[in-house]
Structure formats: structure tokens, C-alpha cells
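The values are calculated or read from the model by the stated rules, or taken from the named source; none is laboratory data. Nothing here was measured: the structure is a model prediction, and the numbers come from that model. No Cβ is skipped: glycine too gets one built from the backbone with ideal geometry, and neighbour counts run over all protein chains shown.
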């Protein structure tokens, strides 16, 4: 298992002032049924592997590797947890995790994804985690590379394919599918409870009382730590959860109820405002690889 034993960072510890609840994104102790693979031992600049999720598989525990990792969702959704929050992408979406960043990855039931590992120094992708949409051409090249021997000749057709993939990676479009979580104990506590109960409609005044601070102080803290107002931050969580549920076949009505909206139209209006499309159209376009 890639570098499970040599994690280079610890998850933030909550202080007594925050009394943070157990974090739902902490996957410690889960079972795994993944094939043994250490991408850092493969002496090639870029490699691609197919990963399937079986019924008994669970989230891959926190680990890291020297190479950067792009996880491409081929079927179902992919979820990635890191120190700075939660990212979920639907089919034809991808999560980028730079090298040496502790993370865990899971797929939806019977999901299928491709893991692309890239040597540090040659990646055209950012130095921080990000989510992207994948063009049909790039998707097919990544799928094709996964069917070729990983120890390909350093000069030849496969090596040229790798260079084209690197060029195309630089053209990927980002997707706003990140729910940010900071190391501050008050933010951790609120995030944990919202993840456990995303339909929680408490106001920021209610939350301020719950974490023993003033409404104004909490509003400033959330904006500083996440870059969003409290209301926008909670909506971002709803968007991330909705994308996962849509990928699993849930209806807009069921999702709107789960997230505490008064009606499907209210949820759809929120989703369209931030994502530019209603939920079903958003998912359909990404499944067809027709993002604008």
C-alpha cells in the first residue's frame, strides 16, 4: 500500500477550546481490499492504472507518495479527503493530489476510476489539491495508457503518448467541488456536525452560541479560514454532497429533502446559481464529456 506507514503529517488535533467532535473525514481503521502498489517504485514519468471498487472495499486509509496523483472518475463518483477538506467529483471528473500530501480516496459502489501518477517536476498541475473536468480525448488517452505496460520504453509511441497527456492535463478546466475545512477547532466542530447532518439549518448566531463565541467573531473566522461566508460555505457542502448523490442515482427531490431545502425548486435554484446549470443537466453534461 503506497506509503501508509510513512505519513509525513498528522491530522490537526482539536484544542479544549473547540471541543471538536470526531471528524467524519478521518478514515482511520477502515478495511481495504486494494491491490498492492507503490507508484514511487515505478521508474517512469507518468503511469496510469485502472482501479475498481468491489462491494467489500472501503476507503483507502490516509497515505501519501512522492508522485502526484490524478484520480479520474470513469464510473460513479470519487471522494478525496485531505487536511484542507473534502472533494467529490462525478464521472469524467478528476481530483488532483500533489505529491507528499496526506490523503484518502474512495469510490462509489461498483465504481471505476483511473489513477495517474506523475513524477514531481514535470506535472503541469497546481501545487495544491484541485478538482477538474476531463475532456473526452484526455479521458481516452488515460484509459488507453492504463492498458499498456507501465514500464514502457522511454523513447517510443507510449512515451510520446505520455507527453501528449501532459500537454492536455495543462488544459483541464477546474470545477468548484471542494468543501474547505481548516485546522481551527471551531471550524472543525461545525464542519463535523454539518457533515453528519447536512440538513442542519441552524443560523450562524446559533453556531456561535454552540462554539462559545460571538456571531461577529465566528463570521470573521469562517471567512478567514474558508474564504466564504457561513451561508456560502454550507451551500458548498450541499453542492459537494449533491454531486455525489446524483452520481449514485438519487433524485433531485430526495437530495433536496436530505439537505433540508423546502422544495426541489429551492435546491435547484441554489445549485444553478453556483454551478451554472441545474443538477441533472450538470451531471449529464459531465457524463457525456460536453462541459463548456
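Values for this structure:
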{"read-out": "Residues satisfying the stated conditions in the stretch 102-114, i.e. crowded, with 20+ Cβ neighbours inside 10 Å and more than 10 Å from residue 80 (Cα to Cα)", "value": "108, 111, 113, 114"}
{"read-out": "Cβ-Cβ under 6 Å pairs, at least 6 apart or on other chains, the stretch 243-257 side more than 19 Å from residue 110 (Cα to Cα), far side part of a helix (DSSP H, G or I)", "value": "252/264; 252/279; 253/264; 255/242; 255/245; 256/264; 256/267"}
{"read-out": "Residue ID - modelled with the lowest pLDDT, chosen from residues in the stretch 255-286 that are surrounded by 15 or more Cβ atoms within 10 Å (Cβ to Cβ) and within 17 Å of residue 76 (Cα to Cα)", "value": "286"}
{"read-out": "Hey, residue 235 under 20 Å from residue 88 (Cα atoms), surrounded by fewer than 21 Cβ atoms within 10 Å (Cβ to Cβ) and without any contact (Cβ under 8 Å) to a residue 40 or more places away in the chain or not", "value": "yes"}
{"read-out": "Subset of the stretch 48-62 [surrounded by fewer than 18 Cβ atoms within 10 Å (Cβ to Cβ) and at pLDDT 85 or above]", "value": "49, 50"}
{"read-out": "Test for residue 117: is it over 16 Å from the mean Cα position of the chain (by Cα), part of a strand (DSSP E or B) and either surrounded by fewer than 17 Cβ atoms within 10 Å (Cβ to Cβ) or in the same structural domain as residue 80 (by TED's automatic domain parsing) (or both)", "value": "yes"}
{"read-out": "Unmet criterion (only one of (1) over 18 Å from residue 86 (Cα atoms); (2) touching a strand residue (DSSP E or B) at 6+ places or on another chain (Cβ under 6 Å)) for residue 258", "value": "(2)"}
{"read-out": "Some residue of the stretch 208-218 being touching a residue at least 60 places away in the same chain (Cβ under 8 Å), in contact with a helix residue (DSSP H, G or I) (Cβ under 7 Å, 6 or more places away or on another chain) and not assigned by TED's automatic domain parsing to the domain that holds residue 115", "value": "yes"}
{"read-out": "Qualifying residue in the stretch 169-192 (condition: without any contact (Cβ under 8 Å) to a residue 40 or more places away in the chain, more than 21 Å from the chain's Cα centre (by Cα) and surrounded by fewer than 17 Cβ atoms within 10 Å (Cβ to Cβ))", "value": "no"}
